[in-house]
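Novice: Quick one: structure below, then a few questions.
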Amino acid sequence: MSEQPSSREHWGTRIGLVLAMAGNAIGLGNFLRFPVQATQNGGGAFMIPYFCALLCLGVPLMWCEWAMGRLGGSKGHGTTPGIFTMLWKHPMAKYLGLMGIVFPLGVVFYYNYVEAWTLAYAVFSATGKYFGIADVAGMKGFLSTFQGASSPLGVSLLGYVFFLITFGINVWILSGGISKGIERLANIGMPVLFLFAILLVIRVFTLGAPDPALPENTVVNGLGFIWNPDFSQLANSKVWLAAAGQIFFTLSVGFGAIQCYASYLREKDDVVVTGLSTASANEFVEVILGGSLAIPIAFAFFGRTETLSIAQGGSFNLGFAAMPIIFQKLALGQLLGMMWFFLLFIAGITSSVALMQPLITFLKDELGYTHRKALTATAALCFVMAHVVIFGLHHGTLDEIDFWCGTFGVALFALAETLIFVWIFGPDNAWAEIEKGAQVPAPRIFYYVMKYVTPLYLLVLFVSWTWQQGPAVLTMEGVAPADRVWRWGARLAMLGVFLGLCWLASRSKRLKELTEVKP
């Protein structure tokens, strides 16, 4: 039997809920992706489109997703196939809702593997395994070897062992369910994350100029490097798109995970203040802590030119190539390196369990699976699909899946959920659902933002992303012929997952019953 509202799990405490939701949002992107995006897109000027996207997209979508999840959970539907069908009595609604399951799955297919790198590097830091490698190029080679670039299979034994350990930890946490698994992880992991991040920031700010011969290379100047605005970049549409994309990543909106977590709220639990609390915690970690760590300390050690080159190389270049070099030059470097990478591991695992949970909840709610059966099916699928990324990493399968599920997909899904919740369900009904049980009413201005600005913003964003990146991605412009086979394989694998979920949704009696109920 599927879980009925009276028998559904609930979050044990409000602080546990806030920490779990914050853990869902706070991920690797807060510490690696955000500083790189800011550096590449105008520095301090990037924060203008960033905060515009936060207010026009992030906050309204976050409140909508919290309210949708709580409403669905009150009727025993904890994922978007059921929630969309509740709001729009149309046979197609459940298939649109499947985007809120397949897109987070797509992300977790590669996220678990990247997460394993952070755990491995935490161990490598503690043991000093990479100590002695003196430059960024050498550290890139170390990472490449760990990833198995020279192996015929494209994966190293050590890298695969850490993947198995990481994946096993994810499954073990999910086996405890919402309260005894995910909430317990958040209650322990998130305070550790905050503590490690704050201690690292304090160490960064007490660094000064590491090289007396280069007094201009300081953390303070590094902060200026990342935050001094280049206002000319505001005329570049790519900067606005990058800011909106970062908001999707950082708040975890447009993935379907928030609805799933919120479905375990009680019917009249507040979503306005609680949702804003989790968003605020995330922004503090990203802007204040994340923006004060990697780029400023890289500037102090490498200088302006090399730091810009490191940032242009992307998030992995910053986190796994530059930072290990820096730790070797610091007192207690092994401890600080372990703290940095274990912080990233916590950020990763609190997000990955959130991305796996929607499929578990879908199988339980809509198909009547037991928790054990749903977890086994989810784990099996995620384990098998992870190998598309593991074996095809050096052929671009990670980037391929990330584009369709983590960039294109979230914009499409966010547009669909906004139209269904706000326009089909009705703006007044949607606003009333958001305000139900609110400890403090949401500012009325967000009613109009949610109704007009957010869908228009999303439409422009989706069309722009499709126009600018779609043709090149579809035709695999610039991709080597040998890599195209792997990328097409990744596409077909994701299509197969989606079609399989469509088949399961078509067999759900509960979803069929929803379409038979008159609005």
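Novice: Restricting the search to segment 464-486, which residues are over 22 Å from the mean Cα position of the chain (by Cα) and assigned to a helix (DSSP H, G or I)?
Specialist: Scanning segment 464-486 gives Trp467, Gln468, Pro471, Ala472, Leu474, Pro481, Ala482, Asp483, Arg484, Val485, Trp486.
Novice: Please pick out the residue among Gly392, Gly368 that is within 27 Å of Phe316 (Cα to Cα) and either among the small types (Gly, Ala, Ser) or at pLDDT 95 or above (or both).
Specialist: Gly392
Novice: Another question, then. If only one of Ile165, Ile169, Ile188, Ile182 is surrounded by fewer than 20 Cβ atoms within 10 Å (Cβ to Cβ) and either among the acidic types (Asp, Glu) or under 19 Å from the mean Cα position of the chain (by Cα) (or both), which one is it?
Specialist: Of Ile165, Ile169, Ile188, Ile182, the one residue that is surrounded by fewer than 20 Cβ atoms within 10 Å (Cβ to Cβ) and either among the acidic types (Asp, Glu) or under 19 Å from the mean Cα position of the chain (by Cα) (or both) is Ile169.
Novice: Let me ask something additional. Confirm whether Gln259 is surrounded by 14 or more Cβ atoms within 10 Å (Cβ to Cβ), of a type outside the set (A, V, I, L, M) and farther than 30 Å from Met338 by Cα.
Specialist: Numbers: surrounded by 14 or more Cβ atoms within 10 Å (Cβ to Cβ): yes; of a type outside the set (A, V, I, L, M): yes; farther than 30 Å from Met338 by Cα: yes.
In short, yes.
Novice: Checking the structure you have, find out if any residue of segment 441-450 is under 27 Å from the mean Cα position of the chain (by Cα), buried (at least 18 other Cβ atoms within 10 Å of the Cβ), not acidic (Asp, Glu) and not in a helix (DSSP H, G or I).
Specialist: The answer is yes, given that some residue of segment 441-450 is under 27 Å from the mean Cα position of the chain (by Cα), buried (at least 18 other Cβ atoms within 10 Å of the Cβ), not acidic (Asp, Glu) and not in a helix (DSSP H, G or I).
Novice: Check whether at least one residue in segment 491-499 is more than 26 Å from Met62 (Cβ to Cβ), in contact with an Asp or Glu (Cβ under 6 Å, 6 or more places away or on another chain) and at pLDDT 95 or above, and report yes or no.
Specialist: no
Novice: Sticking with this structure for a sec: Somewhere in segment 499-518, is a residue assigned to a helix (DSSP H, G or I), surrounded by 11 or more Cβ atoms within 10 Å (Cβ to Cβ) and among the aromatic types (Phe, Trp, Tyr)?
Specialist: The answer is no, given that none of the residues of segment 499-518 is assigned to a helix (DSSP H, G or I), surrounded by 11 or more Cβ atoms within 10 Å (Cβ to Cβ) and among the aromatic types (Phe, Trp, Tyr).
Novice: Out of curiosity, is Gly291 surrounded by fewer than 23 Cβ atoms within 10 Å (Cβ to Cβ) and touching a Phe, Trp or Tyr at 6+ places or on another chain (Cβ under 7 Å)?
Specialist: yes
Novice: Right, another one. Contact list please: Cβ distance under 8 Å, first residue in segment 477-495 and more than 11 Å from Thr397 (Cα to Cα), second residue surrounded by fewer than 18 Cβ atoms within 10 Å (Cβ to Cβ) and of a type in the set (A, V, I, L, M, F, W, C), pairs at least six apart or on different chains.
Specialist: Hits for this filter: Gly478/Ala472.
Novice: Another question, if that's okay. Can you give me the number of residues within segment 410-428 that are over 26 Å from Ala242 (Cβ atoms) and touching a residue at least 12 places away in the same chain (Cβ under 8 Å)? Lay out the reasoning, then the answer.
Specialist: The first filter runs over segment 410-428 and keeps only residues over 26 Å from Ala242 (Cβ atoms), leaving 420-421, 423-428.
This time we only want the ones that are touching a residue at least 12 places away in the same chain (Cβ under 8 Å), so: 420-421, 423-425, 427.
Residues that pass the stated criteria total 6.
Novice: May I ask you to list the residues in segment 307-323 that are within 21 Å of Leu214 (Cα to Cα) and touching a residue at least 12 places away in the same chain (Cβ under 8 Å)?
Specialist: Once the filter is applied, which keeps residues that are within 21 Å of Leu214 (Cα to Cα) and touching a residue at least 12 places away in the same chain (Cβ under 8 Å), segment 307-323 yields Thr307, Leu308, Ile310, Ala311, Ala322, Met323.
Novice: If the Cβ limit is 7 Å and pairs must be 6+ apart or interchain, which residue in segment 390-409 that is closer than 17 Å to Leu105 by Cα pairs with which residue that is at pLDDT below 95 and assigned to a helix (DSSP H, G or I)?
Specialist: Pairs that qualify, where the first residue is closer than 17 Å to Leu105 by Cα and the partner is at pLDDT below 95 and assigned to a helix (DSSP H, G or I), are Phe403/Val473; Thr407/Gly245; Thr407/Trp465; Phe408/Trp465.
Novice: Of everything in segment 21-37, what is in a helix (DSSP H, G or I) and either in contact with a Gly (Cβ under 7 Å, 6 or more places away or on another chain) or acidic (Asp, Glu) (or both)? Give them in sequence order.
Specialist: Matches in segment 21-37: Gly23, Leu28, Asn30, Phe31, Leu32, Phe34, Pro35, Val36.
Novice: Among the residues of segment 304-352, write down those that are polar (S, T, N, Q), surrounded by fewer than 20 Cβ atoms within 10 Å (Cβ to Cβ) and either out of contact with any helix residue (DSSP H, G or I) (no Cβ under 9 Å at 6 or more places or on another chain) or at pLDDT 95 or above (or both).
Specialist: Thr305, Gln328, Gln334
The values are calculated or read from the model by the stated rules, or taken from the named source; none is laboratory data. Fair warning: this is a prediction, and the values are worked out from it, not measured in the lab. Note: ideal-geometry Cβ built from the backbone for every residue, glycine included; neighbour counts use all protein chains shown.
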